[in-house]
Amino acid sequence: MPGKVLVVDDEMEIVDLVRSYLTQAGFKVVTAYDGEDALIQYKMENPDLIILDLMLPKLDGFDVARKIRQDSNVPILMLTARTQGEDRVAGLELGADDYVPKPFNPREIVARARAILRRVQDRSTPKRFESGHLSIDMDKIE
């Protein structure tokens with residue numbers, strides 16, 4: 001199930017820590033350190049999940065999420081020191097799938113990444129029952 005994750009944060013130590021844990025868990029990791037590069041990497045790499053800081057140089061995480069949501073439903077996990085309720089609500093309303101405040105446990109990031117991707121995969125995988133010559137597409141049954 002592990003896929004490709006784009007990790008976006010302007011703090012190199014955080015990117016390295018998250019990359020290390022995700023890589024150990026079998027994910028391929030692509031990184032960006034500012035909002036503009038995040039959009040470039042997103043378009044070039046087509047990640048399965050984006051872990052996105054809100055406070056970024058050049059283009060903040062809210063703007064990055066807004067631009068990505070214009071053409072994609074790729075899951076976004078916001079990882080940020082901005083812990084005000086309004087920031088969480090704004091991030092979730094922009095289309096983030098989850099929100100983790102800093103400081104964080106890197107094992108929790110891996111667990112949340114797996115959970116988000118499992119949910120996305122469950123939605124995108126057609127549910128089909130097959131037995132002999134009989135095939136029932138459960139997604140088409142009303």
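The values are calculated or read from the model by the stated rules, or taken from the named source; none is laboratory data. Model, not experiment: these values are computed from the prediction. All Cβ positions, even for glycine, are placed from backbone atoms using ideal geometry, and neighbour counts span all protein chains on display. To get the accessible areas, we keep the full protein, side chains included, count just its heavy atoms, and leave off ligands, DNA and RNA. Shrake-Rupley method; radii C 1.70, N 1.55, O 1.52, S 1.80 Å.
Distance between the 7 Å Cα→Cβ label points at Gln24 and Ala111: 1.5 nm. Which of Val30, Val89, Val100 ends up with the largest GNM mean-square fluctuation for the chain, with Cα atoms connected below 10 Å? With Cα springs under 10 Å in the chain, the top fluctuation among Val30, Val89, Val100 is at Val89. Ranking Leu56, Pro103, Ile136 by Cα position along the charge dipole of the chain, where only Lys, Arg, Asp and Glu carry charges on their C-beta atoms, puts Ile136 farthest toward the positive end. Taking Met12, Met44, Met55 in turn, the Gaussian network model of the chain (Cα-Cα springs below 10 Å) assigns the largest fluctuation to Met44.
Remark on segment 79-123: Rg and Dmax equal 11.5, 32 Å (Cα only).
Could you list the GluC sites (Glu not before Pro) in segment 1-81 that lie in coil according to DSSP, counting only those with at most 15 other Cβ atoms within 10 Å of their Cβ? Taking segment 1-81 and a limit of 15 other Cβ atoms within 10 Å, the loop GluC sites (Glu not before Pro) found are Glu11.
At 0.36 nm per residue, and after removing the present C-alpha to C-alpha distance, how many nm does the segment from Glu93 to Ala81 gain when stretched out fully?
Here the answer is 2.5 nm.
Of the accessible area of the chain, with the probe set at 1.4 angstrom, what percent is carbon plus sulfur?
Values: 3990 of 8150 Å².
Carbon and sulfur together cover 49 percent of it.
Taking DSSP loops as anything outside H, G, I, E and B, show the longest stretch in the chain free of trypsin sites (Lys or Arg not before Pro) there with at most 14 other beta carbons within 10 Å. Present the calculation step by step, with values, prior to reporting the outcome.
Working: sites that count: Lys58, Lys127.
The reported range is 59-126.
Percent of Cα pairs in segment 1-106 per distance bin of 10 Å, from zero to the largest separation: 16, 54, 28, 1. Summed over the residues of the chain and divided among them, the accessible surface reaches 57 Å² per residue at a probe radius of 1.4 Å.
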